[in-house]
Amino acid sequence: MRQAAAAVAGIALVFSAGATCAATDPSAVLSAYRAASGGDAWNGKAVMKATVKIAGQGMSGGGSIVTDLRNGAFVQHYTLGPAGGADGFDGTNAWQQGPNGDVNLEKGGDALPLAINQAYRNTNAWWRPGFGGASVVSDGMQPCGSAHCDVLTITPHGGKPFEAWFDAGTHLLVRTVEKQGAQTVTTRFGDYRASDGVRLPWNEAIDNGAGARYLLTVATTSVDFMPVQPSDTYAPPKGTTGNFSIANGATQTTFPFHLYNNHIYADAWVNGHGPLTFIFDTGGQNILVPSTARALGIEVHGAMPGSGVGNKTADYGLAKVATLRIGDITFRNQLVGVLDFAIDDVEGVHIQGMAGFELFKRFVTRIDYGKHTITLIEPAHFDPRDAGTPIPFVFNDDDPEVTGSFEGIPAKFDIDTGARDSLTLTAPFAQAHNLRATHTKGVEAVGGWGVGGASRGYVTRGKEVTIGPMRIPDVVTSFSSQKKGTFSSAAFQGNVGAGLLKRFVVTFDYPHHTMYLKPLPGPVADLDTYDRSGMWINVAKGGMQVMDVTADGPAAQAGIEAGDVITEVDGKPASSIPVYELRRMLRDDSPGTLVRFTIRRGTQMHKLDVKLRDQI
């Protein structure tokens, strides 16, 4: 997710000031809506341009929005703090241009249905015969602030459901509520003013559900109606990604990485300082942690809502760096995010930053999980003939999304090198197919930990997963039970992590929307096993803390409880063992192995033996 772009996504005004009536008949509600917003004054208007000011999340900026009132195509440009970018819909493609100039066609997730929704509202298609092809259902009259509103649930053809709230007294549209990925976004409209015979809301407040401190406001400063514009007005621009160089005029660079917790760690240098430990994540962006930004004297702007697999929200700031060097490549004048991962105690690694979409977008990236190397290749010099099986992908925001299946059920999977597990299926997908009922051998457990905290799910084994034409049997799979965060979204069905990807040399050709999978020769270490201890542990003062215990699992049967601090493992100080190495041991040591723990519970010390066994 590109945070700067996401912060202003959906700022386009609802260009039809709305109306409703006290009746709950949708036709009557929308007829009154049209009358209150100017009625026939809308006739003949082709294109509207609005200039706006944007404020919130610790930043301010502005932008412009051009909308074709006939077909709904739109383009919006924005600045917010140090960031600038654009997004739009040309009638076929939804697209984004990020702060560093890269452009994505957004064909994955729910980007296209959301763009269709916005186009539907832009054209006032609900006033057309048959509601413009949409399903429109009345939800009756409901309280809205000090007034009452008629509420309609509208599902445009090709779009997704959203609620439209109309003030029963003024007959104006005052609110929309729309599910966008894992977020429920509420947009409130006010300060209606007349412009060329129609009434428009000049103020919007966008609430993504993360709390009042993350509210974004959009204030219109001018509105102009224009004649029909050329179609390329709304087309995606040509991306600008050439702000890098490779030392000595080379066309590629290769550097080593460490694989801890199935996560990729390699060195980076920021403004000449390093080496700094960065995690490499197709599901992320280029990011510094706050302590790194402070240590380097880098100014941080704003506090946008950052989210991940957990239920919580973390502040996501923006900063400019003069140089970012990875391998022999130097990037210049880059906008980066600033986010506290708060996962050093989870990883057992001091993480200082992340390399994500902006890196992968500019190169063909080859990750060799066998040799533990990354090769970045200029796209014009990439030869795919020995790269492996090609698998096309589209972008779900910034994530590569492939077509596949789980046990024969079609699905869209994000490919995420920053996920430790093999496969996580989203909660809506698992529930829709009643997967829990058909997989009786499994456990409820914490399966991961990231931005927002722990991620929980039901862990079992899937008989077969397909990724394009590739078939992978016997995959450790989690059915997410998250109510918030990434895995609560219905916009995609699952997330493929490094637990599965490390079977391959994986090559990402972002410029051509293709991933290549080439199986590694010989056996792969630490593959297709699942925790045999029944507990989740993180680094803590004096050892490791038990964060979660699986019901009736080996740890629980031994008497270990959440909150216990492990001080010794088989007579060795727990602090002398990397947490990722202990996790590996508790996965890979044979069933029946006895592991002796010394634990501290309050002021008491206990010695408890855990007998490892398969849980799934």
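Throughout, read-outs are computed from the coordinates displayed, never taken from laboratory work. Predicted model only: the values in this text are computed from it and were never measured. Positions of Cβ are backbone-derived with ideal geometry, glycine not excepted, and every protein chain shown enters the neighbour counts.
Remarks
- Low-density loop positions, trypsin sites (Lys or Arg not before Pro), region 66-147 - DSSP coil, at most 13 other Cβ in 10 Å: R70
- Cα pair distances exceeding 19 angstrom across region 517-606, given as percent: 40 percent
- Given charges at beta-carbon only (K, R positive; D, E negative), |dipole| of the chain in Debye: 220 debye
- Averaging 1/r over each pair of different alpha-carbon atoms in the chain and inverting the result gives 26.0 Å, the Kirkwood hydrodynamic radius.
- Region 485-497 - phi-based ³J(HN,Hα) in whole Hz, Karplus 6.51/-1.76/1.60, Gly and Pro as x: x, 3, 7, 8, 7, 9, 6, 8, 10, x, 10, 9, x
- DSSP-loop trypsin sites (Lys or Arg not before Pro) across region 508-616, with at most 11 other Cβ within 10 angstrom: K541
- Prolate/oblate/rounded label for region 347-416 (Cα gyration tensor, a/c 1.5): oblate
- In percent, rounded to a whole number, the relative contact order of region 535-611 is 29, using alpha-carbon pairs under 8 Å and six or more apart.
- Of all DSSP beta bridges confined to the chain, the antiparallel ones make up roughly 95%.
- Charge dipole (region 110-255, unit charges on Cβ, about Cα centre) - positive-most of G133, G159, I246: I246
- Charge dipole of the chain about the Cα centre (unit charges at C-beta), most positive-ward option of P113, F382, T170: T170
- Cα gyration tensor, region 432-479 - rounded (a/c under 1.5), prolate or oblate: oblate
- Ignoring lysines fewer than eight residues from K484 along the same chain, the ones with Cα atoms less than 23 angstrom from its Cα are K160, K179, K312, K412.
- If only the Cβ of Lys and Arg carry +1 and only the Cβ of Asp and Glu carry -1, the dipole of region 514-616 around its Cα centre is close to 240 debye.
- Leading residue at positive end of dipole, region 535-611 (Cβ point charges), from A555, I537, Q604: Q604
- Per-residue Cβ neighbour rank within 10 angstrom, fewest leading, K484, K45: K45, K484
- Region 454-525 and region 24-84 have their alpha-carbon centroids 39 Å apart.
- Additional length obtainable on full extension of the chain from Q604 to D386, 0.36 nm per residue less Cα span: 72.6 nm
- A crude spin-label estimate for the pair K611 and W127, with each label 7 Å from Cα along the Cβ direction, gives 7.5 nm.
- Interchain or long-range residues, amide H under 5 Å from L423's placed H: S478, G497
- What the phi angles of region 145-153 give under the Karplus curve with 6.51, -1.76 and 1.60, with θ = phi - 60°, is a coupling list of x, 8, 10, 10, 10, 7, 10, 10, 9 Hz, glycine and proline written as x.
- Across region 386-497, Cα pairs under 8 Å and at least six residues apart give a relative contact order of 35 percent.
- Whole-Hz ³J(HN,Hα) from phi, Karplus 6.51 cos²θ - 1.76 cosθ + 1.60, for region 219-231, glycine and proline x: 10, 6, 10, 7, 9, 9, 9, 10, x, 4, 9, x, 4
- For region 244-353: rounded, prolate or oblate by the Cα gyration tensor [a/c cutoff 1.5]: oblate
- This model, with +1 at the C-beta of Lys and Arg and -1 at the C-beta of Asp and Glu, gives region 3-234 a dipole about its Cα centre of some 160 debye.
- Overall dimensions of region 3-234 as given by Cα atoms, namely Rg and Dmax in Å: 16.5, 49
- Taking amide H positions as modeled 1.01 Å from N, with prolines and chain starts lacking one, the residues under 5 Å from Y192 and 5 or more places away or on another chain are W202.
- Dividing the alpha-carbon radius of gyration of region 173-319 by the rule-of-thumb value 2.2 N^0.38 Å gives 1.50.
- Helix-only mean residue ellipticity at 222 nm for the chain, each DSSP H run of n ≥ 4 adding -39500 (n - 2.57), per residue, nearest 500: -3000 deg cm²/dmol
- All distinct Cα pairs of region 386-497 go into the 1/r average, and the inverse of that average, the Kirkwood radius, is 14.1 Å.
- Entry note, the chain: relative contact order of 12 percent, from Cα contacts under 8 Å with a spacing of 6+ residues.
- The Rg/Rh ratio for region 190-238, using Cα coordinates for both the radius of gyration and the Kirkwood hydrodynamic radius, is 1.12.
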